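Written out below as structure tokens is the structure these notes cover.
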Amino acid sequence: MRDWLILLTIRTLSLTPLRFNQALGRLIGELSWRLDSREKRISLVNLELCFPDKSREWREQTARESLGHMAATMLEAPRLWRLGRKRITALVDNPEALRHALAAYDRGHGLVIASPHLGNWEFVGQLFGAHTSMTSLFRPPRIERIAGWLREARQSTGAVLVPTDATGVRALARALNAGQCSGILPDQEPEAGSGVFAPFFGIPAYTMYLLPRLVMKKQTPVLFVFAERLRNGKYRINAQWQNPELYADKIEVACTAMNRQLETLVRRNPAQYNWAYKRFKTQPDGRDFYREALRKA
């Protein structure tokens, strides 16, 4: 019964207007704030760590808006999966940014789209899936009925989804070697043994080294990009090409360069970042930044 209701909700959201889904997301975010949710408390901890120079009022307002934006991202996704290539492309507010990225892709040297949990990363996947031969990692939900539908929906504009394991990583590498495109979410904490500590907003963050290792040998182009949600129902593509240090032989240097670029993107619109994720959960000295805030639950 639960699985059926979840699938029904997703399918319903795939039919409702995009602006309705966005408004519903803002409403859910506001409810999460007022109920003093776990996500609210984690967001405030992260913002205090990353922006200690900002006022408490600024951090609270940013956290409040972020909860709405993250809910909107989740609720927008089912609708975006149904739109198709032409309508997805029409939602880009600055098409010249897309043309610039595709011009680099057309050179045939491969391209990595590194899209953090900022703005709408699902839109980024759909957009570049529509215009490139794109391979991306996919961790399916545990509910089998939903997993199949979700995989098919996320591949609707042409992207190929591969599992988040060794076979998936090899598929990413093959795609890049063939001059194709790979999509990666670079700001998630990796499994133990798959990362190094690198500063993110000056705080040690256990950081994946998958992306630097994929591109290091051939110096594959990497575009750090996020789709900023606009009030007119469209998305603005914010993009930044890789810093040369991303190709450094020393993996700590490469991961530091990667985090620095992610930080630059986040600073463009902090309210659209997913501050509710425990990005600093693992610390080299064993500290737990979140324990006290979550104890209040």
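The values are calculated or read from the model by the stated rules, or taken from the named source; none is laboratory data. If you're wondering where the values come from, they're calculated on a predicted model, not measured in any experiment. Quick reminder, even Gly has a Cβ in these numbers, built from the backbone with ideal geometry, and neighbours come from all protein chains shown.
Test G233 against the stated conditions and say whether it is on the phi > 0 side of the Ramachandran plot and modelled with pLDDT under 95.
Yes; evaluated as a whole, the condition is true for this residue.
For the condition acidic (D, E), free of Cβ contacts under 8 Å to residues at least 24 places away in the same chain and touching a helix residue (DSSP H, G or I) at 6+ places or on another chain (Cβ under 7 Å), what is the one hit in E245, E292?
Sole residue among the options that is acidic (D, E), free of Cβ contacts under 8 Å to residues at least 24 places away in the same chain and touching a helix residue (DSSP H, G or I) at 6+ places or on another chain (Cβ under 7 Å): E245.
Got a number for residues in the stretch 106-121 being more than 19 Å from L210 (Cβ to Cβ) and surrounded by 19 or more Cβ atoms within 10 Å (Cβ to Cβ)?
Count: 2.
For the stretch 224-241, what are the residues that are aliphatic (A, V, I, L, M) and surrounded by fewer than 22 Cβ atoms within 10 Å (Cβ to Cβ)?
L230, A239
Within the stretch 111-130, identify whether any single residue is farther than 28 Å from F200 by Cα, in contact (Cβ under 8 Å) with a residue 12 or more places away in the chain and not in a helix (DSSP H, G or I), and answer yes or no.
Checked the stretch 111-130: no residue is farther than 28 Å from F200 by Cα, in contact (Cβ under 8 Å) with a residue 12 or more places away in the chain and not in a helix (DSSP H, G or I).
Which ones in the stretch 143-183 are outside any helix (DSSP H, G or I), aliphatic (A, V, I, L, M) and at pLDDT 95 or above?
Within the stretch 143-183, A178 is the sole residue that qualifies.
Just wondering, is there one or more residues in the stretch 207-219 that are assigned to a helix (DSSP H, G or I), more than 30 Å from R26 (Cα to Cα), under 16 Å from the mean Cα position of the chain (by Cα) and at pLDDT 95 or above?
The answer is yes, given that some residue of the stretch 207-219 is assigned to a helix (DSSP H, G or I), more than 30 Å from R26 (Cα to Cα), under 16 Å from the mean Cα position of the chain (by Cα) and at pLDDT 95 or above.
If the requirement is being under 19 Å from L49 (Cα atoms), hydrophobic (A, V, I, L, M, F, W, C), modelled with pLDDT of 95 or more and not in a loop (DSSP other than H, G, I, E, B), which of these qualifies: F226, F197, F280?
F197
Among R287, R260, R267, which is part of a helix (DSSP H, G or I), loosely packed, with under 15 Cβ neighbours inside 10 Å and either touching a residue at least 12 places away in the same chain (Cβ under 8 Å) or basic (K, R) (or both)?
R267
Considering the stretch 88-105 alone, what residues qualify as being surrounded by 13 or more Cβ atoms within 10 Å (Cβ to Cβ) and part of a helix (DSSP H, G or I)?
If the condition is that a residue be surrounded by 13 or more Cβ atoms within 10 Å (Cβ to Cβ) and part of a helix (DSSP H, G or I), then I88, T89, A97, L98, H100, A101, L102, A104, Y105 are the ones that fit.
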